[in-house]
Every structure is written in C-alpha cells, then in structure tokens.
Amino acid sequence: MLITGCSSGFGEAAALHCARAGERVFASVRDLAHGAGLLAVAEAEGLALELVELELTDAASCERAVASVLERAGRLDALVNNAGKVLYAAVEETAEDEVASLFDVNLHGPLRMIRAALPAMRAQGSGSIVNVSSVSAVVNLPFSGIYGATKWALEGMSQALWLEVAPFGIRVAVVEPAGFGTAIADKAVPTALPQEGSPYWEGTLRARAASRAANEAEPDLTPVAEAVHAAAFGDDRRFRWPVGMHAHMLTDLTRGLHDVELLDALSTGFRAAFEELSTRDPS
C-alpha cells in the first residue's frame, strides 16, 4: 500500500499501524530526509516499510511514486491519500492564490495520485482508494471555510469515483477525522492570518486556539490509523468513516436537524466555545 504525507501526523501513524498489521507499506514524504525518524522505527521493529519521495503538486512526481511502488512490489493494493494542508481565514479575506494552493494540494493532489494508480488497480481487478477527509466535510466550521470546501470537493469526487470504479473491483472510502493531536494547526498557511483591525481578526485567532484545544483533547492518533487500515482492507465496505468524538457528534447533528436549525445550533456552540477561549492567549 502507498500512503501519502507520512512525515508526521495521521500519515506517520497510519504507516506504522498498517505495517504492524502485516501490510507492506510505502510511505511517501516530500523529502526523504523527513522520513528518517519513521524509517528508524520501522527498521527497529522489523517492519515492511519503505520510503517514497513524492511532491503532490507535480503530476510527474505522482506518476514516478506509483511506478516506483509497482516496480518494487509488483502491484498496488491500496492508495491512501492523506497528505494535505489547512488554512484558517474568513472566506471574505482568503486570497485567490491561497485558495488555489489549498485546492491544488487537498483536491488536485489526490486526483493526480488516483489517476496514476487506477490503471494498475484495474489490471489487477482489485484495489482500495482511501481519501483522508475531515469532519469539516460534514459540517464546515467558521474561519476554515476554504479548507472545508476542499474536503467537501474531495468527498464529492470520491462518491462519484466509488460508482465509476466499483465494476473493476476497486473500493473507495473517505475517513473523516475530527480534531486529533497533530501539528496541523501549527502548520496552517501563515499568510492567511488577518491583520489586526480586520473584523475577523479575533475570530480567526480564536478558531486556531479552538483547533489546538480540540487536538489536545484527543492526542492518540491510533483510531484514525485503524480506520484507514479497515477502510482499505477490512470487510466493512462503507463509504464514510467518521473518527473521533466530535466527528460522530457533528454527524449525528446533521441527521437530526434541518439546515437552519443546524446552523443555529452550531452558532450557539461556537459562541460558547469562543467565550470560554476568551480567557486564553489567542496567539
């Protein structure tokens, strides 16, 4: 299996979990040096884990990565599109180049990998494509509107893909984590931060603080790694895999409330959360 974005976070956790479960894992990183720690753990445990260099925004690099896996393993049983980035900004204040960059990584990147992987999977008559999405694709959150839009687009594409490739024996799933203990909030696009004096300045900083708090509440990444492995290889062929307390809570809300009721409930919840965070340093 090939997993993208394995230098840290969900990708690193999924790579180790799947290798420990007996899978042969090819873990992609933008720079092989960034995978040194992961490789050291794998070698110490005797895991079947190898690194692959991949630049997700370059179609030729995506094709080379898949070709490398096929050359080394002879087949590709699962592609996990995990790599991505986040941006905190009000919809109004998100610059055009930031929008384009986020969609390039979070939507076009997985699409490049899917295009590279599908011919081999079709030839095999089997395979799995697991796209790591977000709870933001279920309920989009204030000050992450464009990030959530990339995940909504990813899930919309994945749903159509499920229908298109099922006749070839290929399965498709999306994993929807809520906040977990990764550094993604700290790696958010820095230029997206508003300037003091913006009507959204405080709200954006509070949203970043809320994201950090949610991540700290669930520091163990194991449930996400387990969901990735089960979605790729398990008997449960469901399409959506929400992971984490907040993911299940928000999913249940969408089922139980009409649109305006849902937005009103979310607005009340976010106001309360921001008031609680007002006593903290928003930086």
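The values are calculated or read from the model by the stated rules, or taken from the named source; none is laboratory data. Predicted model, so just to flag it, every value in this text is computed and none were measured. Using ideal geometry, Cβ is built from the backbone for each residue, glycine included, and neighbour counts are taken over all protein chains shown. Heavy atoms of the whole protein, side chains included, go into the accessibility calculation; ligands, DNA and RNA do not. Shrake-Rupley method; radii C 1.70, N 1.55, O 1.52, S 1.80 Å.
Summary table
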quantity	calculated
Count - residues of segment 125-142 that are among the hydroxyl-bearing types (Ser, Thr, Tyr) and without any contact (Cβ under 8 Å) to a residue 24 or more places away in the chain	1
Out of Ala120, Ala116, sole residue that is within 21 Å of Arg171 (Cβ to Cβ), in a helix (DSSP H, G or I), modelled with pLDDT of 95 or more and in contact with an Asp or Glu (Cβ under 7 Å, 6 or more places away or on another chain)	Ala116
Any hit, segment 125-134, residues being surrounded by fewer than 23 Cβ atoms within 10 Å (Cβ to Cβ), under 25 Å from Glu12 (Cα atoms) and at pLDDT below 95	no
Test result for Val52, touching a Phe, Trp or Tyr at 6+ places or on another chain (Cβ under 9 Å), surrounded by 24 or more Cβ atoms within 10 Å (Cβ to Cβ) and among the aliphatic types (A, V, I, L, M)	no
Subset of segment 125-136 (residues that are over 18 Å from the mean Cα position of the chain (by Cα) and polar (S, T, N, Q))	Ser126
Filtered residue count, segment 99-152, keeping only those that are in contact with a strand residue (DSSP E or B) (Cβ under 9 Å, 6 or more places away or on another chain) and among the basic types (Lys, Arg)	2
Subset tally (residues that are within 19 Å of Asn131 (Cα to Cα) and either among the small types (Gly, Ala, Ser) or open to solvent by less than 10 Å² (accessible area, probe 1.4 Å) (or both)) for segment 62-84	11
Matching residues, segment 93-124, being without any contact (Cβ under 8 Å) to a residue 60 or more places away in the chain, open to solvent by less than 10 Å² (accessible area, probe 1.4 Å) and more than 14 Å from the chain's Cα centre (by Cα)	Ile114, Met121
Hits in segment 165-193 - residues which are over 15 Å from the mean Cα position of the chain (by Cα), open to solvent by 20 Å² or more (accessible area, probe 1.4 Å) and at pLDDT below 95	Asp186, Val189, Pro190, Thr191, Leu193
Unmet criterion (only one of (1) in a helix (DSSP H, G or I); (2) more than 16 Å from Arg238 (Cβ to Cβ); (3) open to solvent by less than 20 Å² (accessible area, probe 1.4 Å)) for Ile146	(3)
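Each row is one residue, and each column tells you yes or no for (1) without any contact (Cβ under 8 Å) to a residue 60 or more places away in the chain; (2) touching a Pro at 6+ places or on another chain (Cβ under 7 Å); (3) more than 23 Å from Ser158 (Cβ to Cβ).
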residue	(1), (2), (3)
Ala14	no, no, no
Glu23	no, no, no
Phe26	yes, no, no
Asp31	yes, no, yes
Ala42	yes, no, yes
Leu49	yes, no, yes
Ala78	no, no, no
